[in-house]
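Written out below as structure tokens is the structure these notes cover.
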Amino acid sequence: MPSNQGTWVLISGASSGLGEEFARQYAAAGHNLILVARRLERLEELADSLRQQHRIDVLVEQVDLADIAAVNRLHQRLTEERGIEVDVLINNAGHGLQGPFLGSQPEAALSMIQLDIASLTVMTHLFGQDMRRRKRGKILQVSSILAYQGVESFAVYSAAKAYVLRFSEALHREFKHDGVTVTALCPGLTDTGFASAARQRITPTLKGLMMKTPPVVRAGIRAMNNGRISIVPSVANKLNVVFMWVTPRWLHQAVLARIMTA
């Protein structure tokens, strides 16, 4: 049974990439962790390392977050059976796929929607209710810079991340009356292994824009702690968003499609 001393941070998709980096940075700051993902071996290796380095409590939860019933059971185990209060929720788990919409089976799109939208929504609802009762808590939703427009060959992914961004913006205003912060993190391409899993082609331009995980995670944590609605890390990515705002859709869609797929 873990101790309930100190704050607890729940990180979904914690076995690699941004999720792993969130775990490392919160562990270094002395927070207890709940690491959630499907890859049990990777989670246990990370948990053992963080326990030894930082003398914190780390819980490992092997959960298929695309299964909503499993998400409900996770919440029940943590709150009812173990009495843990999650102070910070990092909704990082996500799935992407590059390619023409009609070039893959609809099951691939539905799988992405289930994880990137449905699971995130349920996680936010369950743990958000707990935070509202306590009148404190922080939620960080990992979106993407692709949330700002529909992107050729990323139709479902960019639409799913647009949901995450707009959902977070709305909840930021709803939850702040209850002392709960909701922030959306919208990174550009980051060196996480996500691109390989999504079968994304890394063009020379994208390679030049690729960020490392530590500054992206630091930007997200800082924005959440400061009560920001959303954050786009790096000057280059911020300029990209401004470019989308000030140009016609046909123009910035054509430019971004060229950057992403050329």
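Between the amide H of Ser153 and those of Phe101, distances stay under 5 Å, these residues lying 5 or more places away or on another chain, with hydrogens modeled in the peptide plane.
Between Arg258 and Thr7, the modelled labels are 4.5 nm apart [label points 7 Å from Cα along Cα→Cβ]. Around the amide H of Leu33, modelled in the peptide plane, lie the amide H atoms of Val9, Asp57, Val58, Leu59, all under 5 Å away and 5 or more residues distant in sequence or on another chain.
Keeping the other protein chains in place, figure out the carbon and sulfur percent of the accessible area of the chain, with a 1.4 Å probe.
On the way: 6590 of 12510 Å².
It is 53 percent, rounded to a whole number.
Counted residue by residue at 0.36 nm each, then reduced by the alpha carbon distance between them, the extension gain from Asp191 to Ala29 reaches 56.0 nm. Applying 1/(1 + (r/R0)^6) with R0 = 35 Å to the Cβ-Cβ distance of Thr247 and Asp178 gives a FRET efficiency near 0.35.
For region 8-261, the solvent-accessible area of protein heavy atoms averages 47 Å² per residue (probe radius 1.4 Å; ligands and nucleic acids excluded).
Using helices alone, I'd like the mean residue ellipticity at 222 nm for the chain: each DSSP H run of four-plus residues gives -39500 (n - 2.57), total over residue count, nearest 500.
On the way: 11 runs with 129 residues, N = 262.
Rounded to the nearest 500, the figure is -15000 deg cm²/dmol.
For the chain, please report how many Lys pairs fall under 18 Å Cα to Cα, leaving out neighbours fewer than 8 apart on the same chain.
Numbers: Lys135/Lys176; Lys138/Lys176; Lys161/Lys238; Lys207/Lys238; Lys212/Lys238.
Taking the Cα cut-off of 18 Å, the pair count is 5.
Extension gain, Arg39 to Asn226, is 64.1 nm, computed as 0.36 nm per intervening residue step minus the present C-alpha separation. Close amide-amide hydrogen proximity is noted between Ser230 and Ala184, each under 5 Å apart and 5 or more residues distant or on a separate chain (H modeled in the peptide plane; Pro and chain starts excluded).
When the square roots of the Cα gyration tensor eigenvalues are ordered a ≥ b ≥ c, the ratio a/c for region 1-81 is 1.5 or more and a/b does not exceed b/c, which makes its shape oblate.
Report the gain in length on full extension from Gln105 to Glu152: 0.36 nm times residue separation, minus Cα-Cα distance, nm rounded to one decimal.
Length gained, Gln105 through Glu152: 15.2 nm.
The values are calculated or read from the model by the stated rules, or taken from the named source; none is laboratory data. Here the structure is a predicted model, which is why all the values come from computation and not from measurement. Quick reminder, even Gly has a Cβ in these numbers, built from the backbone with ideal geometry, and neighbours come from all protein chains shown. Heavy atoms of the whole protein, side chains included, go into the accessibility calculation; ligands, DNA and RNA do not. Shrake-Rupley method; radii C 1.70, N 1.55, O 1.52, S 1.80 Å.
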